[in-house]
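Below is one structure, written out as structure tokens, with a few remarks after it.
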Amino acid sequence: MTAASLAAATDKEKALLRKAHQVLRRVTHDFETRWHFNSATAQLMELVNELHAHEPLEEGMRPEIAKEVFELLVMMLNPMAPHLAEELWETLGHTGGTLARAAWPKFIPELAAEDQVEIPVQFNGRLKGRVLVEAGLSKEELQARVLGDPKITQLLNGQRVVKVVAVPDKLVNLVVQ
């Protein structure tokens, strides 16, 4: 699937593809740079748990999307459990060749990107709350969203905001008096 066709995907398809590509990014990093097979295994378990959370997969998901997610899972499993991965690969319908000869899947950043991010909100450097906003907001939009949030307004409790430090997709720090 491409990032362009992601727009036509259902919420369930988007969530599973996003999780699969996030796990692919981290597992690839673990294999290529850190050689941490234990954390790669934990990431694969997260993907399996996500698949279980979205069951039944037949409802709200096209078979080709489900197959793509399962293929990514099996390919990432291959370095740690090659015999099992080969059996699963054949079960997915790949009879022409061995998984050992297949190329490592390519991570697609657009598919792994989150639609929303949780922004920690600090008052004078101390964490006071969190706000869920769309990913990619500008500093000004992020600042307006945080200052307009009812929970943050209540936490301000009449304190005057002297300065706002907003880092898009990361955090907002309000300097208050």
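The values are calculated or read from the model by the stated rules, or taken from the named source; none is laboratory data. Please read all numbers here as calculations on a predicted model, not as lab measurements. Here the Cβ is made from the backbone with ideal geometry for all residues, glycine too, and neighbour counts use every protein chain on show. Heads up: the accessible areas ignore ligands, DNA and RNA and are worked out on the full protein's heavy atoms, side chains in. Shrake-Rupley method; radii C 1.70, N 1.55, O 1.52, S 1.80 Å.
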Within the stretch 119-156, of all residues that are surrounded by 12 or more Cβ atoms within 10 Å (Cβ to Cβ) and among the acidic types (Asp, Glu), the one nearest to Arg18 (Cα to Cα) is Glu134
So, first residue outside any strand (DSSP E or B) in the stretch 123-141, second residue basic (Lys, Arg), Cβ within less than 7 Å, six or more apart or across chains; the pairs are Leu137/Arg145
Selection from the stretch 157-166 of residues free of Cβ contacts under 8 Å to residues at least 24 places away in the same chain and surrounded by 11 or more Cβ atoms within 10 Å (Cβ to Cβ) yields Val161, Val164, Val165
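Answer yes if at least one residue in the stretch 90-97 is without any contact (Cβ under 8 Å) to a residue 40 or more places away in the chain, open to solvent by less than 60 Å² (accessible area, probe 1.4 Å) and at positive phi, and no otherwise.
yes
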Any chance Glu110 is touching a strand residue (DSSP E or B) at 6+ places or on another chain (Cβ under 6 Å) and either part of a helix (DSSP H, G or I) or open to solvent by 50 Å² or more (accessible area, probe 1.4 Å) (or both): no
